[in-house]
Amino acid sequence: MSNDKKPGISRGRKAAAGSLAAIVGFSAAASLFVLVPKDESGRTVEVELADDGKPTVTHIRGKQYLKAYLDVAGIPTACDGIIKNIKMGQTFTEEQCAAKLERELVIHARGVMRCTPAFRNHPDKEAIGDTIAATVSLTYNIGIGGYCGSSAARAFNRGDWRHACDRFLPWNKARVRGRLRVVRGLKLRRERERKLCLKSIA
């Protein structure tokens, strides 16, 4: 298992019910608040998690998508890859985007844990934090339904975690101008997620 120290994690903590840290553990939560803005927007942030799991996310550099735009698939998007209830012409504050990020991470983390008893029932979520973080990052991008019906989820639940991480890689396509195509950005993201996923595996 990986013993890498995670940023912004305090000791002697107890996450508040419903927080991302309560769902996936402090290690995975700290990683996700950094990983998802990087992968979705290309921006760098720092995060500090309080003892109750409340995050303080600070934008460091990179573009902030405070105004809705069309992504590579032509879908209205804003903030860090948010598509739910987004319409062209909308604008958001940095605080609104941070709240949307946290809400969507919680939703997708709950979906992952619901579909992956191997994670939910694990006695030490901190020890598998990298694998959980990688899986929630994948799910944030492909959707809860996509993950829950995937060969990756099935492999995790039968105990073949290395194969599960490998099954992230085929999710590298998007529909562009009506055709399903490999997208370089998605290909590279899947490779990064696979690498992170494997870090928790002895």
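The values are calculated or read from the model by the stated rules, or taken from the named source; none is laboratory data. Just so we're clear, the structure is a prediction, and the values are computed from it rather than from any experiment. Here the Cβ is made from the backbone with ideal geometry for all residues, glycine too, and neighbour counts use every protein chain on show.
Counting just the residues of the range 52-69 that are part of a strand (DSSP E or B) and either more than 20 Å from the chain's Cα centre (by Cα) or of a type in the set (S, T, N, Q) (or both), which one comes out farthest from LEU101 (Cα to Cα)?
If we take residues in the range 52-69 being part of a strand (DSSP E or B) and either more than 20 Å from the chain's Cα centre (by Cα) or of a type in the set (S, T, N, Q) (or both), then TYR69 is farthest from LEU101 (Cα to Cα).
Limited to the range 91-143, what total is found for residues that are under 17 Å from GLU40 (Cα atoms), in contact (Cβ under 8 Å) with a residue 12 or more places away in the chain and not hydroxyl-bearing (Ser, Thr, Tyr)?
Final tally of qualifying residues: 20.
Just to verify a result, which residue in the range 151-202, among those that are farther than 21 Å from LEU32 by Cα, of a type in the set (A, V, I, L, M, F, W, C) and touching a residue at least 24 places away in the same chain (Cβ under 8 Å), is surrounded by the fewest Cβ atoms within 10 Å (Cβ to Cβ)?
Residue satisfying both the conditions and the ranking: ALA202.
Which of the residues that make up the range 106-159 are touching a helix residue (DSSP H, G or I) at 6+ places or on another chain (Cβ under 6 Å) and among the small types (Gly, Ala, Ser)?
Scanning the range 106-159 gives ALA109, GLY111, ALA118, GLY129, ALA133, ALA134, SER137, ALA152, ALA153, ALA155.
Restricting attention to the range 157-202, which residues are outside any helix (DSSP H, G or I) and of a type in the set (Asp, Glu)?
Passing the criteria: only ASP160.
Filter the range 106-159 down to the residues that are charged (D, E, K, R) and farther than 24 Å from LYS54 by Cα and list them by number.
Result: ARG154, ARG158.
What are the residues in the range 71-98 that are of a type outside the set (A, V, I, L, M) and surrounded by 18 or more Cβ atoms within 10 Å (Cβ to Cβ), if any?
Across the range 71-98, the qualifying residues are THR77, CYS79, ASP80, GLY81, PHE92, CYS97.
Mind checking whether some residue in the range 74-87 is closer than 15 Å to GLY25 by Cα, of a type in the set (S, T, N, Q) and either at pLDDT 95 or above or not in a loop (DSSP other than H, G, I, E, B) (or both)?
There is no residue in the range 74-87 that is closer than 15 Å to GLY25 by Cα, of a type in the set (S, T, N, Q) and either at pLDDT 95 or above or not in a loop (DSSP other than H, G, I, E, B) (or both).
Identify all residues within the range 31-58 that are crowded, with 24+ Cβ neighbours inside 10 Å and either in contact with a Cys (Cβ under 6 Å, 6 or more places away or on another chain) or under 25 Å from LEU188 (Cβ atoms) (or both); write none if there are none.
SER31, LEU32, PHE33, PRO37
In the set THR135, THR116, which member is more than 20 Å from VAL36 (Cα to Cα), buried (at least 19 other Cβ atoms within 10 Å of the Cβ) and hydroxyl-bearing (Ser, Thr, Tyr)?
None of the others qualify; the one that does is THR116.
If you take the residues in the range 141-171 that are closer than 14 Å to CYS115 by Cα and among the aromatic types (Phe, Trp, Tyr), which one is farthest from the chain's Cα centre (by Cα)?
If we take residues in the range 141-171 being closer than 14 Å to CYS115 by Cα and among the aromatic types (Phe, Trp, Tyr), then PHE156 is farthest from the chain's Cα centre (by Cα).
Being on the phi < 0 side of the Ramachandran plot, surrounded by fewer than 19 Cβ atoms within 10 Å (Cβ to Cβ), at pLDDT below 95 and aliphatic (A, V, I, L, M) narrows it down to one of ALA17, ALA68, ALA22, so name that one.
ALA17
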